[in-house]
Amino acid sequence: MSHAVPRVEIRAAQQLKSLMRDYFLDLDAAACDADRRVAWCTSVGPCEILVAFGFATYFPENHGALLGAKRLSHQLIPYAVSAGYCAESCSYMNSDIGAALRGVSPLQDAYGIAGPPRPDLLVYSTNQCREVQDWWNFFGRRHDAPVLGICPPTHLGEITPAHVRFVRGELQALIERIEAHFGEKLDRDRLAEVVARSSAASTLWRRVLDTARARPAPISFWDGLIHMAPVILMRGSPAAVAYYETLLAEMQQRVRDRVGAVPHERFRVYWEGMPVWPRLRDLSDKCLELGVAVAASTYCNSWAFEDYSGGDPLEWMARASIAIFINRDEPTKQAFLLEMVRRFDLDGLIFHNARTCPNNTNSRFGMTQRLREDHGLAVLSVDGDLSDQRFFSTAQTMTNLEAFVEQLEVRRRPASSAVSQEVAG
Amino acid sequence: MSAVPLYVGIDAGSSATKCVVLAADGTIVGHGVVSSGFDYAEAADAALTLALGGTGLDRGDVACCVSTGYGRKNVRGAQRHVTEISCHARGARAWYPEVRGIVDIGGQDTKVIWIDARGELVDYRMNSKCAAGTGTFLESVAVRLGVPLSAIDALAMTSTAHSVLNSYCTVFTGTEVIERIKSGEPRQDISMGLFRSIAARVFEMCAARDGPIAATGGVVAHCRAMLRALEEIFGAPPLLPPWPQQAGAYGAALLAREVDPHDLDERPRSAQSEVSA
Ligand code: SF4
């Protein structure tokens, strides 16, 4: 029997809906307008440069996530596989390629548009993975559009001035190539304004996420996955800044009113790795039923960049692009997770081992073991995938989650009442 | 001491449903295993009937029932559902207080559970989606070997060669078996190799932990070759409970003894204390 506990919905969600509609309708309009240009960009790529150039920016990973959330990926991936893409490569990429080959898009039903806008330019950064490069190249060939990118140094521990200088140089070269291709100069003042807005939205987003330090957490990972859309899609726009001001005010009010994302919050955990888009509802319902608030996550924090306080905007972009979690080495990631456990006062961590995204999976090189053994933390690792539901077993994952809560319950009991020894019959 | 009230644990597994009935003092007064079929509720009833058979006791004497296993939420009359992970740990530890690792090899899944000296769960793993390393795997490869499942254990025990099957997945293992038969490898060696490949999967799931290990589950209950393979890879024979297949049900029954009847009015605190409809 499930025990649905009423949740207080986040009011800003209504505003978000219209913001998303405006965004996609504008993208569609830009694609149809001979005087406007569309650029595709990776989610943690150099989109501020594109916005400053005046491109309408579109993010294919968002489309991959939508395909997953609508449970279309597993039907579309086979088309990408038959076109030569490995079935165990990024399921965002494979479902997006499959969707293009089949002419399928959730944007059709959601916004009444044909699908993703036709690109005039595709720009990537391999700060997250090398897959995006080949994904973008597929669409570059398909639309006969230039594909440009930067390849920053990866798996960094300490970030040195040399790293930042190198990436800044890459960004400068990218600007020059765009200028040469489109015969247009980048307005540097405009870039500084866009970066300032991008940073402002990102800072507000981080403050929104930080409200979950309160007990009960007013916002959970599951809510964050919806409300993070503007900080990715509308980065650099005034709309994103305005949206996060509204959302932050609402979250702060929820903290004052002690309104929790999980009404009867019993445990607070961290979600490490990618979301399981096709099973978000099942997972969030299970957490609700178990009284588990997923109060912090790597994923939602991926767009919480450092503040920009004036100065060289390219340097800020360079630093932001390599400082992100996914681009760091194992010890830095582990230190970040430990700090999150401390800051958010968490009871444990859940690692998602996403079959098709080794890049954003951190349970493959002993980290879960180290967190358990060296730091005494409760850690659960679940197998699944971001979009391809064929790699996910609902029954097994639910049992794992329930057992995790049983483990957390026992850990919380005073030592004297731990499981007593039984007399065997 | 009178046997009543009784405490019942039912482990509704994907292949078999197991039941253990405890007297008020915790001694096992009955147990039974039936095939799960397609209806967990019916299988649970049948398992309870079997467990009570010959005891002179009946359902009216049951004070509390805790269900576990894949079909735990379908068991009628269970006051609580607890995961098989906690129940197996509980059952195995009651038989062997010194146990640290529990290796459960069941029909559809294999679990490895680690507990500390207080019985607290430290770590647990379940096989990922594929059937390799489970009873189902054994069943499907037996077909390739042309040997009935019931005969594969005795056959494997006659092997003296150190044969191991190398494939990770059930389908590839099936192909490997055919290739080996064609190349003239004796079936007993291939059979033993099969158990070794399951043991290797289990060992991988153990994450380099130490401590006495108990083996539970249907495959362990029915196959000495499984124990032999586990002993080879772990370097010591695993502890073998008196009823390895019933470890989860036993753990559930022990938990049933601890349920505070007043708690049952409370809406669930968790999965562990979820009150079923
Ligand atoms: S980070 Fe992972 S999910 Fe994202 S594009 Fe790369 S491989 Fe795909």
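The values are calculated or read from the model by the stated rules, or taken from the named source; none is laboratory data. Quick caveat: nothing in here was measured; it's all calculated off a predicted structure. Using ideal geometry, Cβ is built from the backbone for each residue, glycine included, and neighbour counts are taken over all protein chains shown. Calculation scope for accessible area: heavy atoms of the full protein, side chains included, ligands and nucleic acids excluded. Shrake-Rupley method; radii C 1.70, N 1.55, O 1.52, S 1.80 Å.
Points to keep in mind about this one:
- Looking only at segment A:402-414, residues that are part of a helix (DSSP H, G or I), more than 7 Å from every other protein chain (Cβ to nearest Cβ) and open to solvent by 10 Å² or more (accessible area, probe 1.4 Å) come to 1 in all.
- Complete set of residues in segment A:109-144 that are more than 22 Å from A:Ile175 (Cα to Cα) and acidic (Asp, Glu): A:Asp109, A:Glu131
- Here B:Val33 does not qualify as touching a His at 6+ places or on another chain (Cβ under 8 Å) and closer than 24 Å to B:Ala221 by Cα.
- Qualifying residue in segment A:380-387 (condition: within 11 Å of another protein chain (Cβ to nearest Cβ), within 16 Å of the ligand (Cβ to nearest atom) and open to solvent by less than 40 Å² (accessible area, probe 1.4 Å)): yes
- Any hit, segment A:136-158, residues being out of contact with any Asp or Glu (no Cβ under 8 Å at 6 or more places or on another chain), at pLDDT below 95 and either more than 16 Å from the ligand (Cβ to nearest atom) or not polar (S, T, N, Q) (or both): no
- Test: residue in segment A:365-379 that is within 16 Å of the ligand (Cβ to nearest atom), farther than 29 Å from B:Gly13 by Cα and open to solvent by less than 40 Å² (accessible area, probe 1.4 Å): no
- Positions within segment A:48-83 being touching a residue at least 60 places away in the same chain (Cβ under 8 Å), within 16 Å of the ligand (Cβ to nearest atom) and β-branched (Val, Ile, Thr), in sequence order: A:Ile77
- Elements of type strands (runs of 3 or more DSSP E) contained in segment B:1-108, each with 3 or more residues being in contact with a strand residue (DSSP E or B) (Cβ under 7 Å, 6 or more places away or on another chain) and open to solvent by 20 Å² or more (accessible area, probe 1.4 Å): B:28-35
- The residues of segment A:311-345 that are away from the ligand (no atom under 16 Å from the Cβ), open to solvent by 20 Å² or more (accessible area, probe 1.4 Å) and among the aromatic types (Phe, Trp, Tyr), listed by number, are A:Trp316, A:Phe336.
So that you can scan it fast, the table gives a plain yes or no per residue for (1) away from the ligand (no atom under 16 Å from the Cβ); (2) in a loop (DSSP other than H, G, I, E, B); (3) open to solvent by less than 10 Å² (accessible area, probe 1.4 Å); (4) small (Gly, Ala, Ser):
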site	(1), (2), (3), (4)
A:Arg7	yes, yes, no, no
A:Asp22	yes, no, no, no
A:Leu25	yes, no, no, no
A:Tyr85	no, yes, no, no
A:Asn94	no, no, yes, no
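- When we screen A:Arg215, A:Arg268 for residues that are at negative phi, of a type in the set (Lys, Arg) and assigned to a loop (DSSP other than H, G, I, E, B), the only hit is A:Arg215.
- Meets criteria (of a type in the set (A, V, I, L, M, F, W, C), assigned to a loop (DSSP other than H, G, I, E, B), touching a residue at least 24 places away in the same chain (Cβ under 8 Å) and assigned by TED's automatic domain parsing to the domain that holds B:Ile105) for B:Ala199: no
- Leading residue by the ranking (nearest to A:Leu401 (Cα to Cα)) among those in segment A:346-362 that are of a type outside the set (D, E, K, R), more than 8 Å from the ligand (Cβ to nearest atom) and in contact with a Lys or Arg (Cβ under 9 Å, 6 or more places away or on another chain): A:Gly348
- Selection status of B:Arg118, closer than 30 Å to B:Thr175 by Cβ, outside the structural domain of B:Ala16 (by TED's automatic domain parsing) and among the charged types (D, E, K, R): no
- Scanning segment A:50-83 for residues that are buried (at least 24 other Cβ atoms within 10 Å of the Cβ) and touching a strand residue (DSSP E or B) at 6+ places or on another chain (Cβ under 8 Å) yields A:Leu50, A:Val51, A:Thr57, A:Tyr58, A:Pro60.
- Here the condition is being among the hydroxyl-bearing types (Ser, Thr, Tyr) and modelled with pLDDT of 95 or more; of B:Tyr96, B:Tyr40, it holds for B:Tyr96 alone.
- Filter pass, B:Gly91 being of a type outside the set (A, V, I, L, M) and out of contact with any helix residue (DSSP H, G or I) (no Cβ under 8 Å at 6 or more places or on another chain): no
- Selection status of A:Pro117, crowded, with 17+ Cβ neighbours inside 10 Å and more than 14 Å from the ligand (Cβ to nearest atom): yes
- Flag for A:His63 being modelled with pLDDT under 95 and part of a helix (DSSP H, G or I): no
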